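A.B. asks: Please see the structure below; I have some questions.
The values are calculated or read from the model by the stated rules, or taken from the named source; none is laboratory data. Remember, predicted model here, so these are calculated numbers, not experimental data. Here Cβ is always computed from backbone atoms with ideal geometry, including for glycine, and neighbour counts include all displayed protein chains.
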Amino acid sequence: MWLYLRMVLKVTKILAFQSLSGIYSAREFVWWYNGHPDYSSLKPDLKSSDTAVILGQGNVALDVARILLRPTTELASTDIARHALSVLEESSIRKVYLIGRRGPVQAALTAKELREVLGIKNLRIRIKETDLSLTPADEEEMKNSRARKRIYELLSKAAAAAAGTSEADPDQRELHFVFFRQPDRFLESDERKGHVSGVNLEKTILESVGSGKQIAVGTGEFEDLNCSMVLKAIGYKSVPINGLPFDHKKGVVPNVRGRVVSQTSGDISQTEPGLYVCGWLKRGPVGIIATNLYCAEETVGSISEDIEEGVCKSSKAGSKGLMELLEKRKVKKVEFSGWEKIDAKEKQMGIEKNKPREKLVTWEDLLAAAAN
Ligand code: NAP
């Protein structure tokens, strides 16, 4: 009962402060710097202090940290959206804190992405020495996963290298990996009403829950971390689609090798003919780009097999039916040839600026380029 009450109180507290300015989801921030038309006018405040906090220690958190910390002279030759580059050029953020509720062995990072961040010019990595000490359960996790071990080694090495460097120069930036802390609530600034001024964090410890997994448990000890910007990067969850079976616990459409099944049992005899799924809706919000390629290949394999074996006796109308439905609903659509024109235009604009592409960032410009 007490645990339930605490959870309710916590959710209420977090929701109450959700509307403070300066708090963004990593998704909106990523869409902003990538030039998504719905977020190109986001205007994140990067000038109120030198500190940003990112909640979560996955690859999205790393991506966002990289954008905040990489020299803008380097970002200028990437395909980052122009509006984002100008805001970042004015940014006063010099310290970024990545907050993880578990330890360095459990950080949800992959080695390639971590190396890219560790390689940022003039960046000092900060990790508390005590956070790097290992328990027998951590040793066991690393024994069972080379990837976990690699991440731990990279973090330890980066922390040791930073400890040996001399006093920071004014241009130096800092990336703090903060482990064993979970967010409790956002703090409101006294001077700037309605703006975030920090995050209240609860210290955690790890508890083994069997099969080598350790979860974070709050200790009831709290501390504040001041900042002027918070980015939430704690993962994603798919939402159900009307009329499709959905496993609410896992947040996926139940399937066997991409064939949608009508029950969550995974029983192949229950598959819905002609209905397939791939990507995060199939396997949950995990995996790098290559994982999506294998995932799509598997689903396409299932479709091919079903066509060959005559199992795919669907009465569904396929792409022709989709086009007719879009026409009927008066949905504006851009076909592949239109996408190619957008691609060519962005690349052409990029050549003029020595970038791989200059993104078009409004629906009007995108539709005009597609129609040309
Ligand atoms: P993620 O990998 O699931 O990481 C989520 C992070 O948030 C974890 O550190 C997790 O901690 C923490 N978290 C979750 N719920 C929390 C809570 N209630 N309180 C505090 N912390 C919480 O999610 P993601 O970073 O959004 O990435 C999604 C997927 O996209 C991942 O598979 C990622 O590898 C992939 N991705 C790949 C690339 C790339 O290929 N370059 C780039 C970006 C993303 P726990 O571990 O304790 O749950």
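A.B. asks: Restricting attention to the stretch 305-321, which residues are of a type in the set (A, V, I, L, M, F, W, C) and either modelled with pLDDT of 90 or more or touching a His at 6+ places or on another chain (Cβ under 6 Å) (or both)?
C.D. replies: Answer for the stretch 305-321, where residues must be of a type in the set (A, V, I, L, M, F, W, C) and either modelled with pLDDT of 90 or more or touching a His at 6+ places or on another chain (Cβ under 6 Å) (or both): there is none.
A.B. asks: Is one or more of the residues making up the stretch 85-105 among the acidic types (D, E) and either at pLDDT below 95 or within 16 Å of the ligand (Cβ to nearest atom) (or both)?
C.D. replies: Within the stretch 85-105 (the criterion being among the acidic types (D, E) and either at pLDDT below 95 or within 16 Å of the ligand (Cβ to nearest atom) (or both)), the answer is no, since none of the residues qualifies.
A.B. asks: Then there's this: Which condition number in (1) of a type in the set (A, V, I, L, M); (2) in contact (Cβ under 8 Å) with a residue 40 or more places away in the chain; (3) surrounded by 12 or more Cβ atoms within 10 Å (Cβ to Cβ) is the one that I288 fails?
C.D. replies: Among (1) of a type in the set (A, V, I, L, M); (2) in contact (Cβ under 8 Å) with a residue 40 or more places away in the chain; (3) surrounded by 12 or more Cβ atoms within 10 Å (Cβ to Cβ), the lone unmet condition for I288 is (3).
A.B. asks: Right, another one. Only helices (runs of 4 or more DSSP H) wholly contained in the stretch 255-372 count here; list those with 1 or more residues that are within 16 Å of the ligand (Cβ to nearest atom).
C.D. replies: 280-283, 289-308
A.B. asks: Here's a follow-up. Conditions first: (1) in a helix (DSSP H, G or I); (2) in contact with a strand residue (DSSP E or B) (Cβ under 9 Å, 6 or more places away or on another chain); (3) free of Cβ contacts under 8 Å to residues at least 40 places away in the same chain. E139 passes all but one, so which condition is the exception?
C.D. replies: Condition not satisfied by E139: (2).
A.B. asks: Then there's this: Could you check the stretch 23-113 for helices (runs of 4 or more DSSP H) lying wholly inside it with 2 or more residues that are β-branched (V, I, T) and free of Cβ contacts under 8 Å to residues at least 40 places away in the same chain?
C.D. replies: Where helices (runs of 4 or more DSSP H) fall fully within the stretch 23-113 and carry at least 2 residues being β-branched (V, I, T) and free of Cβ contacts under 8 Å to residues at least 40 places away in the same chain, they are 72-75.
A.B. asks: Now for a different question. Residues being among the aliphatic types (A, V, I, L, M) and under 14 Å from T78 (Cα atoms): count how many of those fall in the stretch 332-356.
C.D. replies: Total satisfying the criteria: 2.
A.B. asks: Output the residues belonging to the stretch 214-254 that are within 16 Å of the ligand (Cβ to nearest atom) and under 30 Å from T299 (Cα atoms).
C.D. replies: A233, I234, G235, Y236, K237, S238, V239, K249, K250, G251, V252
A.B. asks: Do we have any residue at all in the stretch 66-73 that's farther than 16 Å from F180 by Cβ and within 11 Å of the ligand (Cβ to nearest atom)?
C.D. replies: Within the stretch 66-73 (the criterion being farther than 16 Å from F180 by Cβ and within 11 Å of the ligand (Cβ to nearest atom)), the answer is yes, since at least one residue qualifies.
A.B. asks: Can you find even one residue in the stretch 153-171 that is touching an Asp or Glu at 6+ places or on another chain (Cβ under 6 Å) and closer than 22 Å to I67 by Cα?
C.D. replies: No, there is no match, as no residue in the stretch 153-171 is touching an Asp or Glu at 6+ places or on another chain (Cβ under 6 Å) and closer than 22 Å to I67 by Cα.
A.B. asks: Any idea which residue in the stretch 176-213 is surrounded by the fewest Cβ atoms within 10 Å (Cβ to Cβ), counting only those that are among the charged types (D, E, K, R) and within 11 Å of the ligand (Cβ to nearest atom)?
C.D. replies: Only one residue fits best here, namely K213.
A.B. asks: Of a type in the set (D, E, K, R), over 17 Å from M229 (Cβ atoms) and at pLDDT 95 or above: is that true of D79 in this structure?
C.D. replies: yes
A.B. asks: Restricting to the stretch 285-334, name every residue that is of a type in the set (D, E, K, R) and within 30 Å of the chain's Cα centre (by Cα).
C.D. replies: If the condition is that a residue be of a type in the set (D, E, K, R) and within 30 Å of the chain's Cα centre (by Cα), then E297, E298, K332, K333 are the ones that fit.
A.B. asks: Just a yes or no: is a residue in the stretch 235-244 over 30 Å from Y24 (Cα atoms), surrounded by fewer than 18 Cβ atoms within 10 Å (Cβ to Cβ) and of a type outside the set (D, E)?
C.D. replies: Yes: the stretch 235-244 contains one or more residues that are over 30 Å from Y24 (Cα atoms), surrounded by fewer than 18 Cβ atoms within 10 Å (Cβ to Cβ) and of a type outside the set (D, E).
A.B. asks: Does S337 qualify as being of a type in the set (S, T, Y), more than 25 Å from N34 (Cα to Cα) and more than 28 Å from the chain's Cα centre (by Cα)?
C.D. replies: The answer is no for S337.
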